[in-house]
Each structure stands twice: as structure tokens, then as C-alpha cells.
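See below for the structure under consideration.
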Amino acid sequence: MRAMLKGIAASDGIVCGQVYRLVEPNLTVQQRAITNLDYELNRFHQALEAAVSDVETIKTRATKNLGTDSAQVFSAHIAMLQDPELITAVETQIRQRKINAEAALAAVARTYETSFQGLTDNPYMQERITDLHDVTKRVTAHLLQVALPDLALVNHPVIVVTHDLIPSDTVSVNPRYILGFVTDLGGRTSHSSILARSMAIPAVVGTQHATDQLTNGEMVILNGTRGQVMVAPDDDELASAQAAMHERAANLKRLSKLRHHGTVSKDGVGVTLAANIGTANDLPSVLQNGAEAVGLMRTEFLYMDADQLPSEDEQFAIYKQVLTAMAPRPVVIRTLDIGGDKPLPYLKQKPETNPFMGARAIRQSLTHQQIFRSQLRALLRASAFGNLRIMFPMIATLDEFRQAKAIYDDERSKLTVAQVPLGSIKIGMMVEVPAAALLADRFAQEVDFMSIGTNDLIGYTMAADRTNQDVAYLYQPYHPAILRLVNRVIAAAHGAGIPVAMCGEMAGDPIAVPLLLGMGLDEFSMGAGSILKTRRLIGQLSAHDLQALVETTLNQASTSQEVITMVQAAVPGILT
Ligand code: PEP
Ligand code: MG
């Protein structure tokens, strides 16, 4: 029996490959007295050169994936690594104090940092401090001969094992080399899982100890459908994993025939299948998987990937890129949804006892209006390049929606006066707070569209934090209470004649899809990797017949398990 790590099935698929640990190494520096000065100076220069060469590689990859602007940070790193003042300061320390290069570098870095301090309100100085940390870390790693893991340096296919996955880990990576992800932390709706699904890369999250238990280069089989990682498989196990990989590839090939088809149920009801994206990097996968729209662009990834607020122009360029690539298909861009499990390190927030119920999403935008206004202006300017819909997250009261809309109207009029070309834009809201779901009929009078955010709606309705594994058993998408709320929102939207989408993970869940189709959901938005499977499933279902299933689950089911049993009885073979 092989060792098996268990976690949460976060992104479908089986892959086998070698482990690449993306874990910060120990870079503790010990000061040593040295006798051979030339040797030490030479060691320092070699480490500098190796660091420059690393950063050049990372920069090339980032430029390719993200464009020149985003790669600028790496030019700043190279400039710092070649800064004569910094180099001379370290050499002087080595010569005068006769200490090893890593200790000399650490001493110089401390002096620089002290001189930058007191200027920490100055964003430019903050950036320099971050650059200094990155650069010192890289040179120290070379001096200590410790590998500093970086996905941009990977040049063969690997399974990435990391504590948690953040968007900036994935931006500079060549997706061809990433077979899968395994993380210690996270749940099915945490951002690491969402990232993996949007890249259509198999993933197991929440294993707790993967980074301790797996070593670099070790062979593993990752099963993202079952949430398992098999360590050091034998030949038979590898052969059957490879067979499963081939079968999956053949299945994907069959599914790809549906790429250019619309999404229509067996009885002729058309719905829209849309993709959730985090950055413009997800666009190739969105188009390859035949998405009819972008149903949710989570803009917080743009903010989380940077070490300062992205400027209006930077945002404009990215929104324009997404709108242009998708035109004439609609693109729903959600305004900044930070707080909760998505803090912005450079935006100092007061510590909160319960961040999920604290100053997050629209609450932040209404407080920090400059940030909100700059995002709205970028969106408005980009609207001329495609079919834009703007959506506000975490709306709990009508008053919040009206305030957000009034700020939008204000920015719109200013740009109109300035004769900036604007497209026609629809304004909608996410329904992810139970209060909004219960009052959906009133909201529906004022918004152009609604999108149900079940990731949070389930968490708030069941009072179960979506990232807390101890209460994961309560996080139940098919709970009759959730189904009643969802059905209520759909009915309220249709009562007011507006379209309603779902962009929470439930929209691509095969057990939920028949229920949502029966309830009359107009748009299903999900990770790109789930689109074709869902299109095939919807094509096998009759929307009209499913209304009876919806009635039975809403009126007779008392538990999630009962709902699952009812769906399986109505749609035999749904999970095969
Ligand atoms: C949701 O809550 O369902 C949602 C789509 O938003 P996020 O997962 O980004 O909170
Ligand atoms: Mg949400």
C-alpha cells in the first residue's frame, strides 16, 4: 500500500509527475570571520551575476505572459542588483569588517531599510523596500547555495506543491509545465482552487501537510477528482494513472467538438454558459473552452498581484484587453471584492475579529471612494471596446446599491462631459448575502441583472466559513435552504423581467445543474474547465421535465442528502 495524502478535490483530472516544492527555504545568515578577501569578494560577485540571470529569465517569462508594464518590477530588481552604490557598500563591509558576503549583504540591507523608514507612507519608498527584500533574498540564496523556488524558472512538467497558492505565483508560469497543484491550505471555494480551475489544471487543496511530506523530484499521482495524492507509486499504479490521463485527454477531445455550439437543453431551452476569470491570462482557456461570455471577472487579482494600487491606466489596459478579446460577447466585471480571505497587504486595514463579516467588498469601495472611482473610470473608458456589464459585490442593502450606482453615474457624467467615448453598460449586483436574496424582488426593480454568488451565500446562510475545514461539513450547496433562496432570487429576477446568472462554484456542479436549469437560471458562469462538460450535460436534460424535480426538492426535501438522492433518481447516471 502506497502512502496517500488526502485533501479536497479542487480541480478535476488525474496527472502523474515529479514534485516541485514552492516553499520558502531557510535563509538564516550566520556571520563568519573570513581570511581570504579576494575569494569572498569573488563569491559575492558570482552570486550577483547568478541573481541577475535568474531575474532576466523571470522577466522574459513575465513579459510574455503579462506584457511589458507588469514586468517592469523585474527591471527594477536588475537595476538594484547592478547598483554600484549597493555593490560598493557590501564590498566595503567585507573588506573592513572581514566578514562573509551574506552577513555583509544583510548588514547593508538593514542600513538601507533604516534609511527608508519614516518614509513608509511614500508608495515609491515602500516599493523600494519590497524590491530590496526580493533582491537580498535572491543573492543570499545563491551565497548559501540554496535553491529559491520560482515557477518562472521551471522548464519541465511538474506538480507544484505549496502551502497556499496565490495569483502572483501563477502569473509568470508557463502553463505547459504545470501538471497540477497540491496545497496545504484551502477549500473548494478558496482562491487557490478557483485559480486552478480557471487554468483547468488538476488540483488537490487542504492536505494540511503536503509541503512537509513531499520532497522535490519525488514521483506522485495527483487525483484532482477524488482529492488524493499517491506518493511514490509503483509501475502498475503509474500505468493505470497514465491510462486514466489518456482517457481524460480522449474525453476532452470529444468534448471539444462542442466548443462552437450554443448551449441548448434537449427540449430546446437556450442558456448562456460563461466563464469566471481572474486575469487576462485566463482568456486563452476561456476561448478554447467555448465560453459564450465572461460571467465574472474577479478584479481583486489585479490588485493582489501588485505591491501597490494599480493605476487607472493599468486597469484600463487590462479591461480593454478582456473586452476586446471577448467582443461582441458580454463581459461582467466585478468591482473590487477585497477583505475576507482576500486582504490587500498594501492597504492597511484594521485587524477585524471576523473579516468575512467586516469591511469587505462594496463596503470598502464605499469607504475608500478614490479607489472605487478610479476603478469605475477605468471600466467606463474600456466600455467603448466591447460589451461591458459592471457588477457590485456583497450588496446587502438597497442603500449600498444606490450609493454605488450614484458614484458610477457621477463618474459617467464627468467622462461624458469630457467627451470620452463610452459604450452602453449594464449595472448589476451579486446576490451573495442572504438579506439580498430574501429581498431580491425589491433589488430587481433597480438593477439591470443579478448574479448569484453561492460561494458566499452558502457560507453566510449556513454560518460556515468557506475556508474553514472544521466546518466544511456544513458548507452544503444542495441544502434545501440554499435551494429555496436560489429559487427565490431567480423567480424575483424573472418577475421583474431581468436576467439572472450564477457565478458561484455551484453553477458548474453536475448535481446542481439540473435543479438550476429547472428553476430557469439564464446564465451559468464557472471555471473554464467545466464549461464543455456542463454544455454536454444540459444537452441531455429536459428543462421542462426538471420543473417537477425542482418542486419536489423545494417542497419535500429536508436535507442535502435527500436532494442528492432525488436528483440522482430523476437524472440517472448524472455523476458518470
Ligand atoms: C461567490 O461568492 O459566489 C463569488 C462568485 O465570489 P467570490 O468567490 O469571489 O467571493
Ligand atoms: Mg463572493
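The values are calculated or read from the model by the stated rules, or taken from the named source; none is laboratory data. Every value quoted in this text rests on a predicted model; they were computed, and no experiment measured them. Don't worry about glycine lacking a Cβ; one is built from the backbone with ideal geometry, like all the others, and counts go over all protein chains shown.
What the table below lists for this structure:
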| quantity | calculated |
| --- | --- |
| TYR346 vs. criteria of a type in the set (Phe, Trp, Tyr), surrounded by fewer than 19 Cβ atoms within 10 Å (Cβ to Cβ) and away from ligand 2 (no atom under 16 Å from the Cβ) | yes |
| Strands (runs of 3 or more DSSP E) (entirely within segment 1-76) containing at least 1 residues that are modelled with pLDDT under 95 and surrounded by fewer than 18 Cβ atoms within 10 Å (Cβ to Cβ) | 4-6 |
| Residue in segment 352-361 that is of a type outside the set (D, E, K, R) and touching a Leu at 6+ places or on another chain (Cβ under 8 Å) present | yes |
| Given (1) surrounded by fewer than 22 Cβ atoms within 10 Å (Cβ to Cβ); (2) away from ligand 2 (no atom under 16 Å from the Cβ), index of the condition ARG363 fails | (2) |
| Selected residue [within 15 Å of ligand 2 (Cβ to nearest atom) and not in a loop (DSSP other than H, G, I, E, B)] from LEU336, LEU296, LEU380 | LEU296 |
| Residue within segment 397-419 that is away from ligand 2 (no atom under 16 Å from the Cβ), at positive phi and surrounded by fewer than 22 Cβ atoms within 10 Å (Cβ to Cβ) present | yes |
| Test result for ALA496, away from ligand 1 (no atom under 14 Å from the Cβ) and touching a Gly at 6+ places or on another chain (Cβ under 9 Å) | no |
| Failed condition for ARG442, given (1) within 16 Å of ligand 2 (Cβ to nearest atom); (2) within 27 Å of LEU521 (Cβ to Cβ) | (1) |
| VAL220 touching a helix residue (DSSP H, G or I) at 6+ places or on another chain (Cβ under 9 Å), outside the structural domain of GLY290 (by TED's automatic domain parsing) and outside any loop (DSSP other than H, G, I, E, B) | no |
| Test set (1) farther than 23 Å from ASN555 by Cα; (2) within 13 Å of ligand 2 (Cβ to nearest atom) - PHE449 fails condition number | (2) |
| The listed residue being modelled with pLDDT of 95 or more and within 16 Å of ligand 1 (Cβ to nearest atom), out of GLU523, GLU551 | GLU523 |
| Hey, LEU151 at pLDDT below 90, within 16 Å of ligand 1 (Cβ to nearest atom) and buried (at least 17 other Cβ atoms within 10 Å of the Cβ) or not | no |
| Any hit, segment 426-440, residues being within 25 Å of the chain's Cα centre (by Cα), at pLDDT 95 or above and away from ligand 1 (no atom under 16 Å from the Cβ) | yes |
| Tabulated pairs, segment 7-24, first closer than 18 Å to ASP150 by Cβ, second polar (S, T, N, Q), C-beta under 7 angstrom, 6+ apart or interchain | VAL19/THR215; VAL19/ASN216; TYR20/ASN216; ARG21/THR211; ARG21/ASN216; LEU22/THR162; VAL23/THR162; VAL23/THR211 |
| Any chance GLY268 is without any contact (Cβ under 8 Å) to a residue 12 or more places away in the chain, away from ligand 2 (no atom under 16 Å from the Cβ) and not aliphatic (A, V, I, L, M) | yes |
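Residue by residue, here is whether (1) more than 16 Å from ligand 1 (Cβ to nearest atom); (2) assigned by TED's automatic domain parsing to the domain that holds LEU376; (3) modelled with pLDDT of 85 or more; (4) within 19 Å of SER374 (Cα to Cα) holds:
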residue	(1), (2), (3), (4)
GLN308	yes, yes, no, yes
GLU314	yes, yes, yes, yes
ALA317	yes, yes, yes, yes
THR335	no, yes, yes, yes
ILE338	no, yes, yes, yes
GLU352	yes, yes, yes, no
